[in-house]
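What follows is a short report on a single structure.
The values are calculated or read from the model by the stated rules, or taken from the named source; none is laboratory data. Just so it is clear, the model here is predicted, and its values are computed rather than measured. No Cβ is skipped: glycine too gets one built from the backbone with ideal geometry, and neighbour counts run over all protein chains shown.
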There are 4 protein chains.
Amino acid sequence: MASGFGERLRVSIYGESHGNGIGALIEGLPAGEAVDYDRLMRFMERRQGGRNALSTARKEPDIPEFVSGIFDGRTTGFPVCIRIANTNTRSGDYSNLAMKPRPSHADYPAYIKWHGAADMRGGGHFSGRLTAPLCAAGGIALQILARHNIFVGAHLSSIGTVCDDTFPILPDAALFDTVAQKAFPVISDEKGARMQEEILAAREALDSVGGTIECMVTGLPAGLGDPMFDGMENRLARVLFGIPAVKGVEFGDGFALSQMRGSQANDPYRTDTDGNIVTETNRNGGILGGITTGMPLRFRVGIKPTPSIAQPQKTVSLPDGQETTLEIKGRHDPCIAQRAVPVIEAAAALTVLDVLLCDKGAL
Amino acid sequence: MASGFGERLRVSIYGESHGNGIGALIEGLPAGEAVDYDRLMRFMERRQGGRNALSTARKEPDIPEFVSGIFDGRTTGFPVCIRIANTNTRSGDYSNLAMKPRPSHADYPAYIKWHGAADMRGGGHFSGRLTAPLCAAGGIALQILARHNIFVGAHLSSIGTVCDDTFPILPDAALFDTVAQKAFPVISDEKGARMQEEILAAREALDSVGGTIECMVTGLPAGLGDPMFDGMENRLARVLFGIPAVKGVEFGDGFALSQMRGSQANDPYRTDTDGNIVTETNRNGGILGGITTGMPLRFRVGIKPTPSIAQPQKTVSLPDGQETTLEIKGRHDPCIAQRAVPVIEAAAALTVLDVLLCDKGAL
Amino acid sequence: MASGFGERLRVSIYGESHGNGIGALIEGLPAGEAVDYDRLMRFMERRQGGRNALSTARKEPDIPEFVSGIFDGRTTGFPVCIRIANTNTRSGDYSNLAMKPRPSHADYPAYIKWHGAADMRGGGHFSGRLTAPLCAAGGIALQILARHNIFVGAHLSSIGTVCDDTFPILPDAALFDTVAQKAFPVISDEKGARMQEEILAAREALDSVGGTIECMVTGLPAGLGDPMFDGMENRLARVLFGIPAVKGVEFGDGFALSQMRGSQANDPYRTDTDGNIVTETNRNGGILGGITTGMPLRFRVGIKPTPSIAQPQKTVSLPDGQETTLEIKGRHDPCIAQRAVPVIEAAAALTVLDVLLCDKGAL
Amino acid sequence: MASGFGERLRVSIYGESHGNGIGALIEGLPAGEAVDYDRLMRFMERRQGGRNALSTARKEPDIPEFVSGIFDGRTTGFPVCIRIANTNTRSGDYSNLAMKPRPSHADYPAYIKWHGAADMRGGGHFSGRLTAPLCAAGGIALQILARHNIFVGAHLSSIGTVCDDTFPILPDAALFDTVAQKAFPVISDEKGARMQEEILAAREALDSVGGTIECMVTGLPAGLGDPMFDGMENRLARVLFGIPAVKGVEFGDGFALSQMRGSQANDPYRTDTDGNIVTETNRNGGILGGITTGMPLRFRVGIKPTPSIAQPQKTVSLPDGQETTLEIKGRHDPCIAQRAVPVIEAAAALTVLDVLLCDKGAL
């Protein structure tokens, strides 16, 4: 139903950009799992803006409060309700947008769907701010998975046309950590510097720019996921497309596979020195028929440029449909891809944990 | 649960490539809808192989039997069970594959998941043959949607590196029909000829090749879909990744958006001559925030090359993991993208009909 | 969605009384489980009518065909499609009922819901005949559970006002077998004889009579089920009310508890000679807070008298609503409670197996 | 998933008796619906204790805060998160119960399920206190339904062996209001006085007593609900068994039908003076085949006596299983049935609204 996902681990996101608060409800977390609050805070800080010229000037502390389900630093097995206060809302900034839908935002379809009743101040429930509770929930999942030697890492694989290197076929958790600790989450700092130039150039042009993120999950056993419509790809894609601005999802080499011959695209099996069956390449991203192969799970998402730009744009007034122009003032990111990196990790961690709980009953 | 999808319209696919039969169970179809059997057969024939050198020599009539839910040519409102007999199975062809997983097929993860118990002859439940019942179900949905002026059309947008033109921003149903009636479903026959050369060249090299498919849905009102995780993108992606060999899904300009500036990527609003609010471009594919804008819904899928190739491939024997080689005899398509075109239409039609039923209760 | 239930084990029932066939689709059965076909047939025969004066003269062989998911006598892990042919349909018997809804059947609400489009011949999808595929699915679940020392047994606890004894607090599987093998599934044959007199008297009076069924499940570990709305009680009740004519469900002493004091109703804990924690009584039916206690799960259902009676009844003609009378000819059971006994066992087995798969991932 | 229910209107309950807070997340409420806060408070007060000798001395204000989804007194269409603070917790009272499971509470199965990790202070997530957020959610649903002339009313139909009258076949909303405004929600005040004597007698005996509640929903059109496992009965039963202490649910005359002949139990159709098709009696409770008939929906629940009693009880210590006795001090209701009356109304309202949204898409 709409703002939730998951089968045995169910996550629902609530709140609006300018309402009383935002948060997440998590049902089905295993009981007795420690939650390291400081580590969770550090994870959540990775998606926060306001730290430099690359992102919005809106600064919010994003401090998650555990309303239920966590007692003495451990999960109780009961639903975990997380709440994050909205403290820095300036609705005035949006007042002139009320009846002029911003191009490529959800304003217009939301206006039609709820015949004007939705609270769309600041993007309402569609705001990128709603990824904060997703990160809070995902940060808990990441801690649980790490205890079982399952690690999730993502990095900026491109901004505009500037591409970074990719993770190696078999990355280790230390590499994920290294990238995660950077203010700008790239593998190659040189490429990262060029990406930042792209972002600043877009900003200077009163414009915005898109990017891509590559994500990997290591440590998953083979055989996870259900066939057809509940495989790993299906479940991940469903969640990933719920992250604002994601317009493409591909697994392994994805769309590039469509240009290959089978002899290039197939991943031959071999036995490694420990006697494990592995593939020499991993063009399928660790998933065949929707089910994990035991190789690292790998996918990439494409993120469109922030729709909010400072240039005047053509739009119409509602409900009369009269053509007009719109200037968005407010505080906006010239690029959201770098802030979306931990969000992608959070989404992947929650989905993977759900599949594990479905298939194993417990960890 | 695994082989099914949908909320108010639920479709479940059953069967194995070499079992007694395959089929689909459809729950929630509106009552009293006429089902034109001949038209359904013509739709299903579009995915059938065995008609020329481009596809497998396995010929199956694929005649859907309505076991329940359809009476006197109309839906009754009760679950529709469709059954298609398996008539042309030659299991002998696969006997030597039993314990040697074919690279990039589901054989290995399926072996691990079900500890060898799954009936994987011919790919079992993962076989591309299971798209026949999906087409049977989708063909019914297409007929229902057409009665409400909602049309779904797909075409081969590329094979290997050969690309075809794309549908116009506002395609009409006649164009969809024209493409659908071609033996090779392309817009430009000249590009189609070059694509076919690619396929035949791959076949000659004992190899296979991938491709992409573009799909559009016209006639949808604005405001369909739920926010976040049950939007149009989320639901479509979940289903599309259930089609064998699909490894990437993108909406609108998808990954290309990640290389654009916001000023290029945003779709400005205007009012058309009939007074309807439309966008000048449709780079977002008719979906914003997961919800339809009233512009045509547009997406693209990337399909990997058929994993079954006639060249010897490296693999291991199971369960001991000894390295060996494998030669796949059998009957296989050098490319499955052209046969997947109606499958994509079927998946889109079923998903769109489900969302309509969720949001409107009835049509 | 309507005709299906279950989370990790999903069962969907399809078919109409007078259509081509009826059946069940079962998704999520564990792989590699043996299915003893003869034993399944014997289980299904328990619900069949036509054996004596107590039930309908309609005789159907009810032979389940495994269309998919079972290979060489074992489950493959893929969806199991079961089909049962409809062979003995005499639609003529129902022709005059078409527009006169039978009192207390689903005819009238079905007519309104599907505006006359539903195929209601013989009760359509609402017919008691649809419990045959439920038994086929449940019979497989019973075989799987028995391998894990989980046994399900039900008996007729009353017909009209004649009550039988109840199962002991800790019944063993042999007692379940003994009851199951009786043509009339009661504990006390003397009480059974009086029940049969009740049924025959109702028949003679051109009338019908209701009854109750008690069911127990032994061998379940403590701790199964989810809190609040997905507990054992919630899931069982949802399924049990899907069996035609069930109008009441109670767990443990059920409604009788409402007349007790807490000191009578509470089940005190003690430790048995094997060191297991048990309760002295089991008034709560082995479930507290929706979760199993390790004591036998116990519930009772109330079944209304067959609505089809041979007496003239007041009804209206549709769609004009003119008042008229109706005489139901056809072939009908004067009581269906005795035939519902294995159906209740099937429903319980499927629900219990689903909860086990949810909580344990596998058996 | 456990603590939530509903298909198009999804309600999830969170919180523990002695945690930071409790609440509900409601997804899928129609947009633009007014929420009368004062009226909601008055509804919630009906379930509160601490007002007289009949209930617990624990007094909580139970003030619902709308964290999201309600703006300027109207629903926005986005998820509604409701939070209620826990202000009056005295965990000391429960300290000695930690390792001694209270008979007929969820303590023991919860201990096994979550291996001691669950926060069971005050009953944790199983506490009757969690019905407060259910009432908050249900109170909003009741306001929405009333705007569409659908009314829900419940009353105490018995306490112990003292029974009250039942609602008439066609009750009007005024009668529901009259009962709702009574401190003790009965139809006959004389019967109510005797019921209260029962409760006080139980209290005096350091004991508790159970009861039953009858509930009706008027104004529903015919044709609502899905067949088999998603009918009105199935959905209501699933939710009702999620209310603590409910051990039985019956529709219409329920278990009493099992003692009747068909000629008594069937509801004959006739046409009323307005030309509507109605039934003369309503023994089936306005539901046939799971689908509404247009007659008032009617059901009854059986509620067991409060398991917390002041008498010493036999139990065991955990985890060693040593036999011991337990004396529960704390603050407890000698009967919870009278406080459960609005909870039953809330559960019914939410379920009915969900079915309406499923079937109609909107109201």
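Brief remarks follow.
- Inside the range D:337-363, residues that are surrounded by 23 or more Cβ atoms within 10 Å (Cβ to Cβ) and more than 24 Å from C:D267 (Cα to Cα) make up a count of 16.
- Subset of the range B:170-204 (residues that are in contact with a Lys or Arg (Cβ under 9 Å, 6 or more places away or on another chain) and in contact (Cβ under 8 Å) with a residue 12 or more places away in the chain): B:A180, B:A183, B:P185, B:G192, B:A202
- Answer from D:F229, D:F176 - the residue that is at pLDDT 95 or above and surrounded by 24 or more Cβ atoms within 10 Å (Cβ to Cβ): D:F229
- Any chance D:V162 is crowded, with 16+ Cβ neighbours inside 10 Å and touching a strand residue (DSSP E or B) at 6+ places or on another chain (Cβ under 6 Å): no
- Condition met for B:G139 (in a helix (DSSP H, G or I), in contact (Cβ under 8 Å) with a residue 24 or more places away in the chain and farther than 30 Å from A:A222 by Cβ): yes
- For the range B:117-129, the count of residues that are modelled with pLDDT of 95 or more, more than 14 Å from chain A (Cβ to nearest Cβ), under 23 Å from B:A24 (Cα atoms) and part of a helix (DSSP H, G or I) is zero.
- Filter result (of a type outside the set (A, V, I, L, M, F, W, C) and farther than 19 Å from B:F126 by Cβ) within the range B:295-312: B:P296, B:R298, B:R300, B:Q311, B:P312
- Pairs, first at the interface with chain C (Cβ under 9 Å from one of its Cβ atoms) and buried (at least 17 other Cβ atoms within 10 Å of the Cβ) in the range D:309-336, second in a loop (DSSP other than H, G, I, E, B) and of a type in the set (D, E), C-beta under 9 Å, six or more apart: D:I309/D:D207; D:Q313/D:E327; D:P334/D:D207
- Meets criteria (without any contact (Cβ under 8 Å) to a residue 12 or more places away in the chain and crowded, with 23+ Cβ neighbours inside 10 Å) for C:A118: yes
- Subset of the range B:244-281 (residues that are in a strand (DSSP E or B), within 21 Å of A:L240 (Cα to Cα) and facing another protein chain (nearest Cβ under 7 Å)): B:K247, B:G248, B:V249, B:E250, B:F251
- Scanning the range B:186-195 for residues that are away from chain A (no Cβ under 14 Å) and of a type in the set (S, T, Y) turns up at least one hit.
- Only one of the listed residues (D:G77, D:G49) is modelled with pLDDT of 80 or more, surrounded by 14 or more Cβ atoms within 10 Å (Cβ to Cβ) and either touching a Cys at 6+ places or on another chain (Cβ under 8 Å) or among the small types (G, A, S) (or both). That residue is D:G77.
- Within the range B:179-189, considering residues that are touching an Asp or Glu at 6+ places or on another chain (Cβ under 9 Å) and closer than 30 Å to A:Q264 by Cβ, the one surrounded by the most Cβ atoms within 10 Å (Cβ to Cβ): B:V186
- Subset of the range C:144-178 that is in a strand (DSSP E or B) and hydrophobic (A, V, I, L, M, F, W, C) - its residue that is nearest to C:G210 (Cα to Cα): C:I159
- C:T351 being out of contact with any Gly (no Cβ under 9 Å at 6 or more places or on another chain), more than 7 Å from chain D (Cβ to nearest Cβ) and not small (G, A, S): no
- Within the range C:209-242, the set of residues being facing another protein chain (nearest Cβ under 7 Å) and under 11 Å from C:G286 (Cα atoms) comprises C:A222, C:G223, C:E233.
- Set B:V186, B:V217: member being in contact with a Leu (Cβ under 6 Å, 6 or more places away or on another chain) and either hydroxyl-bearing (S, T, Y) or assigned to a strand (DSSP E or B) (or both): B:V217
- Only one of the listed residues (C:G262, C:G285) is more than 17 Å from C:C358 (Cα to Cα) and touching a residue at least 12 places away in the same chain (Cβ under 8 Å). That residue is C:G285.
- Hey, D:P133 more than 9 Å from chain C (Cβ to nearest Cβ) and at pLDDT 95 or above or not: yes
- Within the range A:288-308, tally of residues that are in a strand (DSSP E or B), facing chain B (nearest Cβ under 7 Å) and in contact with a Cys (Cβ under 8 Å, 6 or more places away or on another chain): 0
- Check on C:L257, at pLDDT 95 or above and within 21 Å of the chain's Cα centre (by Cα): no
- Selected residue (only one of C:I291, C:I303 is on the phi < 0 side of the Ramachandran plot, of a type outside the set (G, A, S), touching a strand residue (DSSP E or B) at 6+ places or on another chain (Cβ under 8 Å) and crowded, with 21+ Cβ neighbours inside 10 Å): C:I303
- The range C:52-68, subset part of a loop (DSSP other than H, G, I, E, B) and among the aliphatic types (A, V, I, L, M), residue modelled with the lowest pLDDT: C:A57
- Conditions (1) basic (K, R); (2) over 27 Å from A:E250 (Cβ atoms); (3) touching a residue at least 40 places away in the same chain (Cβ under 8 Å); number of the one not met by A:R339: (2)
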